[in-house]
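Below you'll find the structure, written out as structure tokens, and then a few comments.
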Amino acid sequence: MNNVELIRTLPKAELHVHIEGTFEPELMFEIAQRNQIQIPYASVEEVKQAYNFHNLQSFLDIYYAGANVLIHEQDFYDLAFAYFKKCHEDHVVHTEIFFDPQTHTERGVSFQTVLNGLKKACTDAKTQFGISSHLIMCFLRHLSEESAIATLEQALPYKQDIIGVGLDSSEMGHPPSKFQNVFAKAREEGLLVVAHAGEEGPAEYVWEALDLLHVNRIDHGVRSEEDEQLMQRLIAEKMPLTVCPLSNLKLCVVSDMAEHNIHRMLQQGVKVTVNSDDPAYFGGYMNDNFYAIEKSLDLSQDDLKQLAINSFEASFITDAEKAKWIEEIQAIV
Ligand code: ADE
Ligand code: ZN
């Protein structure tokens, strides 16, 4: 089997995907039309031309504008179910999906509307495709910690439907330390915690996510390589990094895929995983991310298998489920 066939064959878990970032222009137009909301583009081609980003903020501005057309439970269902179809095509068998409640509640869409739509899609994905999933609610770091606390309180009645909380949006100037109290409260409530850190922000933000937020995983974390002591800590603690290669390229975190550090970090023993982040905006889903790094970084078949194994080890499924998937990967020849 060649590398492309291996990538297709491997069962994989996706641990870093924003559901609002899976919003394909075709579906955006359809939902905008049925909700009678104007979008500032005349065609799908025009939307795609606008996806020319030079940093994280230039992407976020467009991403939040796109999410504005989502109003009804059915909209959230359609969005998530379309993503599950892509998972099925790519043999992603488990996914842990981020959603940004504040993007919706600030526009008057209720938390329950968002959650119900997403949950129904998760249930249908399990029955129709056998894909398991968890939901992770993210706080927008450009907003205040008070707003994050209010969002957590709103979510607590639905705690059984959410595996954990995360931290996303504009990283620079909004360090993890800003959210210590809300993360402590989330942990007290038994929620798992993750945070975006070291995407555009410095290695210092990764230290803060570890020491102040006590995260179970770091999202991105690619700038950790700038700090050797931090690298040693990540390796010793087997701390997973959910790396997003095509995202890093599109947002100019790296200038060329050949310069991406995912292979170097894997070889040093960091528990890196491959993820799509915002696939509708960054040019591809799970397998496209694998193809991109396989092509540019000279990955061996053992590397590809290790990346798939890492995705399950770093996930929030049970140890028995992890063992089952890892055994299946190891049996592939
Ligand atoms: N929200 C959606 N995608 C994001 C990313 N790559 N970084 C921070 N916040 C995000
Ligand atoms: Zn992200």
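The values are calculated or read from the model by the stated rules, or taken from the named source; none is laboratory data. Computed from a predicted model, the values in this text were never measured in an experiment. Cβ placement follows ideal geometry from the backbone for every residue including glycine, while neighbour counts extend to all protein chains displayed. Only protein heavy atoms, including side chains, enter the accessible area calculation; ligands, DNA and RNA are left aside. Shrake-Rupley method; radii C 1.70, N 1.55, O 1.52, S 1.80 Å.
So what is the accessible area of the chain per residue, in Å², with the probe set to 1.4 Å? Show your work: numbers first, answer last.
On the way: 13130 Å² over 333 residues.
For the chain, the per-residue accessible area is 39 Å².
Over the chain, with a Gaussian network built from C-alpha contacts below 10 Å, which listed residue (Tyr41, Tyr285, Tyr64) shows the highest mean-square fluctuation?
Of Tyr41, Tyr285, Tyr64, the Gaussian network model singles out Tyr41 as fluctuating most.
Return the FRET efficiency for the residue pair Glu153, Asp319: r is the Cβ-Cβ distance, R0 is 30 Å, and the value is rounded to the nearest 0.05. Intermediate values should be presented prior to the final figure.
Numbers: r = 32 Å, r/R0 = 1.06.
Approximately 0.40, to the nearest 0.05.
Using modelled backbone amide H atoms (1.01 Å from N, in-plane), which distant-in-sequence or interchain residues come within less than 5 Å of Asp219's amide H?
Counting only residues 5 or more places away or on other chains, the set is Ala195, His196, Ala197, Thr242.
For the range 216-224, just list the computed ³J(HN,Hα) in residue order, Karplus coefficients 6.51, -1.76 and 1.60, θ = phi - 60°, integers in Hz, with x standing in for Gly and Pro.
8, 8, 9, 8, 6, x, 5, 7, 4
Hey, if you put +1 on the Cβ of every Lys and Arg and -1 on every Asp and Glu Cβ in the chain, which of Pro279, Ala203, Asn35 ends up farthest toward the positive end of that dipole?
Asn35
Nearest 20 debye, what's the magnitude of the dipole of the range 3-331 about its Cα centre given +1 on Lys and Arg Cβ and -1 on Asp and Glu Cβ? Please report the intermediate quantities before stating the final value.
On the way: 26 positive and 51 negative charges, 124 e Å.
Computed charge dipole of the range 3-331: roughly 600 debye.
Be a star and scan the range 85-116 for residues whose amide nitrogen sits under 17 Å from the point 7 Å along the Cα-to-Cβ vector of Thr127.
Label zone hits: 85, 116.
Charges on Cβ only, +1 for Lys and Arg, -1 for Asp and Glu, centred on the Cα centroid of the range 3-331; of Gly117, Ser144, Ser224, which one is farthest towards the dipole's positive end?
Most positive-ward Cα: Gly117.
Among Ser177, Ser169, Ser133, whose mean-square fluctuation peaks in a Gaussian network model of the chain (Cα, cutoff 10 Å)?
Among Ser177, Ser169, Ser133, the largest mean-square fluctuation in the Gaussian network model of the chain belongs to Ser177.
Leaving ligands, DNA and RNA out of it, rank Lys119, Lys295, Lys48, Lys271 by accessible area with a 1.4 Å probe, largest first. Could you put the intermediate results ahead of the total?
On the way: Lys119 75, Lys295 175, Lys48 105, Lys271 35 Å².
So the residues, ranked largest to smallest area, are Lys295, Lys48, Lys119, Lys271.
Name the residues whose placed amide hydrogens come within less than 5 Å of the amide hydrogen of Phe139, ignoring near sequence neighbours (fewer than 5 apart) on the same chain.
Counting only residues 5 or more places away or on other chains, the set is Gly166, Leu167, Asp168.
In a GNM of the chain with a 10 Å cut-off on Cα contacts, which of Phe129, Phe98, Phe81 has the highest mean-square fluctuation?
Phe129
Quick one: which residues, 5+ away or cross-chain, put their amide H under 5 Å from the amide H of His134? H built at 1.01 Å from N.
Thr95, Glu96, Ile97
If we count every other residue with Cβ under 15 angstrom of Arg233's Cβ, Lys/Arg +1 and Asp/Glu -1, where does the sum land?
Numbers: positive: Arg217, Arg223, Lys238, Lys271; negative: Glu204, Glu208, Asp211, Glu225, Glu226, Asp227, Glu228, Glu237.
With Lys, Arg at +1 and Asp, Glu at -1, the net is -4.
Find the eigenvalues of the gyration tensor of the Cα atoms of the chain, then list the square roots of 5 times those eigenvalues as equivalent ellipsoid semi-axes, largest first, in whole angstrom. List each step's numbers first, then the result.
Working: eigenvalues 152, 110, 85 Å².
After scaling each eigenvalue by five and taking roots: 28, 23, 21 Å.
Evaluate the relative contact order of the range 30-120 (contact order divided by residue number), counting alpha-carbon pairs under 8 angstrom at least 6 apart; express in whole percent.
Details: 48 pairs, mean separation 29.6, N = 91.
It rounds to 33 percent for the range 30-120.
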